[in-house]
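Data first, discussion second: the structure below is written as structure tokens.
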Amino acid sequence: MTDFRDHPTSMRAGEELDLTQLEPFLRTHFPDAAGPLEVAQFPSGHSNLTYLVGLGDREMVLRRPPFGTKVKSAHDMSREFRVLSKLHAAYLPAPEVLLYCDDSTILGAPFYLMKRINGVVLRRALPSGLAFTPDIARRLSESFIDNLARLHGLDYSGIGLGDLGKPQGYLERQVLGWIERYRGSQTHELPEVPLISAWLAKNLPATSEAALIHNDYKYDNVVLDSADITKILGVLDWEMCTIGDPLSDLGTALAYWVGPEDAEELQKIRWSPTNIPGMLTRAQLVERYATKTGRDISNMVFYVAFARFKVAVIVQQIYYRYHHGITKDQRFAPLIDVAKILLRASLHSATSGEI
């Protein structure tokens, strides 16, 4: 039987962990784990780095910030660990964390360990041989949006995360903050930036009620059950989680969602197989979310335009590290073109009124 689950590969050059420091640390905290230490790296992802750590028959996942990062606040390991330590009991798709380490002499940066969630992660193309009928695609996309609605319905204060963010004025801070982040990571003069920045500031809607939001919700941050691909086992990468406007979270999911009707340049940067027959359209995702939550979705054009701008800035920040030689990862070389496409898509949403 073919194994479609997500598997790591060898560590990338420049991102190797110091095993001579890591092994004694792990054996101190997991003294019953007998057997050799083995470490591999999950190959995807452009932000925090993720490794599979095997200590004998114990499997753990290690998360640490990228090497040479510029944006420190986006890689706060202690914050991510605290969120997950509170969240898992109330929301099982959140990983169960095991241990946090703030001693930078071990790996050069803080890191934490969590239990592995074994399953399928959908990347740009479907795994070869994976049966994916239109009915499966429809049910998966329904599960995807229903799971987001469930997250937004959590009593975040009741689970101890009431102090995670400041929902009052959240949207305005976000818009101004991401514009400023772009300026801090700018490498080229891109004409769309001042246009979309002005439009966002002018068309800022009133913030909806607050919710616990993931802020990077997309298929390749979701772990699926290999026995039933429509079932979500895990949601990964909680580094940007906060208390804020839930519609901004929905907007981010839509910014990553490229359907078959979208322009060719958007198809080129598609993250996941959201364009295959049976997948809900962005409009259908919005309608299902509204039905599940009862929220007013009349301003979704703003949220999609903003989300595309925000993702463009995230991509730009990653490209900045490559542009200035902070990282040698060749995957980052074409990201300036991805940022340009997202900025054009953001401006298109703003001027056309289309999500």
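Of the listed peptides 89-99, 207-217, 153-163, what is their order by residue-averaged count of other C-beta atoms within 10 Å, with the highest listed first?
207-217, 89-99, 153-163
Using the per-residue mean of other Cβ atoms lying within 10 Å as a proxy for protection, in what order, highest first, do the peptides 268-276, 137-145, 20-28 fall?
137-145, 268-276, 20-28
Averaged per residue, what accessible area in Å² does the stretch 49-202 show with a 1.4 Å probe, protein chains only?
Result: 46 Å² of accessible area for each residue.
Please give the contour-minus-distance gain from E172 to A201: 0.36 nm per residue of separation, less the Cα-Cα distance, rounded to one decimal in nm.
In short, 9.7 nm is gained.
Work out the length of the dipole vector of the chain about its Cα centre, built from +1 on the beta-carbon of each Lys and Arg and -1 on the beta-carbon of each Asp and Glu, and round it to the nearest 20 debye.
500 debye
With all protein chains present, how much of the accessible area of the chain (probe radius 1.4 Å) comes from carbon and sulfur, to the nearest whole percent?
Accessible surface attributable to carbon and sulfur in the chain totals 52 percent.
Averaged per residue, what accessible area in Å² does the stretch 251-349 show with a 1.4 Å probe, protein chains only?
Numbers: 3750 Å² over 99 residues.
On a per-residue basis, 38 Å².
Heavy atoms of the protein only, probe of 1.4 Å, neighbouring chains included. What is the accessible area of C101 in Å², nearest 10?
The value for C101 is about 10 Å².
As a test of the formula, what do you get for the chain when each DSSP H run with n ≥ 4 contributes -39,500 (n - 2.57) and the sum is divided by the residue count, at 222 nm and rounded to the nearest 500 deg cm²/dmol? It would help to have the intermediate numbers written out before the result.
Numbers: 11 runs with 141 residues, N = 355.
Helix-only estimate at 222 nm: -12500 deg cm²/dmol.
Across the stretch 68-212, how many lysine pairs, 8 or more positions apart or on different chains, have C-alpha atoms separated by under 23 Å? Please give the number.
Values: K72/K86; K72/K166; K86/K115; K86/K166; K166/K202.
Close lysine pairs under the 23 Å cut-off: 5.
What length, rounded to one decimal in nm, is gained on full extension from A125 through to K328, with 0.36 nm per residue of separation minus their alpha-carbon distance?
70.6 nm
The values are calculated or read from the model by the stated rules, or taken from the named source; none is laboratory data. Model, not experiment: these values are computed from the prediction. Glycine also receives a Cβ, built like all others from the backbone with ideal geometry; neighbour counts cover every protein chain displayed. What goes into the accessible areas is simple: the full protein's heavy atoms, side chains included, and nothing from ligands, DNA or RNA. Shrake-Rupley method; radii C 1.70, N 1.55, O 1.52, S 1.80 Å.
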